[in-house]
1. Taking the criterion of being touching a strand residue (DSSP E or B) at 6+ places or on another chain (Cβ under 6 Å), surrounded by fewer than 20 Cβ atoms within 10 Å (Cβ to Cβ) and part of a helix (DSSP H, G or I), would at least one residue in region 76-94 satisfy it?
2. Just give me the residues in region 55-75 being modelled with pLDDT of 90 or more and surrounded by 19 or more Cβ atoms within 10 Å (Cβ to Cβ), in sequence order.
3. From (1) under 19 Å from residue 95 (Cβ atoms); (2) buried (at least 17 other Cβ atoms within 10 Å of the Cβ), pick out the condition that doesn't hold for residue 154.
4. What's the number of the condition residue 143 fails, among (1) crowded, with 21+ Cβ neighbours inside 10 Å; (2) of a type in the set (A, V, I, L, M, F, W, C); (3) assigned to a helix (DSSP H, G or I)?
5. Taking residue 69 as meeting all but one of (1) part of a loop (DSSP other than H, G, I, E, B); (2) in contact with a Lys or Arg (Cβ under 7 Å, 6 or more places away or on another chain), write down the number of the exception.
6. Taking the options 103, 145, 130, name whichever one is farther than 23 Å from residue 64 by Cβ and under 23 Å from the mean Cα position of the chain (by Cα).
7. For region 129-159, give me each residue that is in contact (Cβ under 8 Å) with a residue 60 or more places away in the chain and among the polar types (S, T, N, Q).
8. Given (1) acidic (Asp, Glu); (2) more than 30 Å from residue 110 (Cβ to Cβ); (3) touching a Phe, Trp or Tyr at 6+ places or on another chain (Cβ under 9 Å), identify the lone condition not met by residue 92.
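The values are calculated or read from the model by the stated rules, or taken from the named source; none is laboratory data. Computed from a prediction, not measured in an experiment: that's the story for all the values here. Cβ sites come from the backbone with ideal geometry, for glycine too, and all protein chains shown count toward neighbours.
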Amino acid sequence: MKRERLLLPALGIIIGVALPTAPAGADCVSDCQASTYCDSDMNASGECGRRLNDCYLSQCNRPRVSYGAIAYGARSQAFGFSFGLANAGAAERRALSNCKKHGDDCEIVARFENTCAAVAGGNNARYATGEADTRQQAERAAMAGCSRAGGDDCEVQVWTCAQP
């Protein structure tokens, strides 16, 4: 992270924010400026500057990698998931902890970052996972895998997305 001072000449203010050292896919400063409505009263009161600074702090400091995990119990069909976490270990711990509240056969079955994942399971303890850019694609991949694995009456049991 590097600290930068942003000069917003139209508003007559300077804001100090921490910005990522590499671009995060989109220009967060431009996005914030484009999405923050400000009228003359808001400029005069400083509200506009506060709104922009809040946006910069929340959008420009977001991690570029978002981790998620799914824990699943094939026999019990218990599941737990996590998303939006800063590291893989935390994502796995949360998913497993959430699953164990509902079953005693839970294990981590999917680990992913900046994507979506799904688990499809059948009533004969067969299951498969799918990972893709969207929920729908992940669900389709999991369903196809469950059928290939010999699952009876496969259904999506759980899905989640971890996207920055």
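1. Yes; the residues of region 76-94 include at least one that is touching a strand residue (DSSP E or B) at 6+ places or on another chain (Cβ under 6 Å), surrounded by fewer than 20 Cβ atoms within 10 Å (Cβ to Cβ) and part of a helix (DSSP H, G or I).
2. Correct list: 66, 67, 68, 69, 70, 71, 72, 73, 74.
3. All conditions are met except number (1).
4. (1)
5. (1)
6. Result of the check over 103, 145, 130: 130.
7. 157
8. Every listed condition holds for residue 92 apart from (2).
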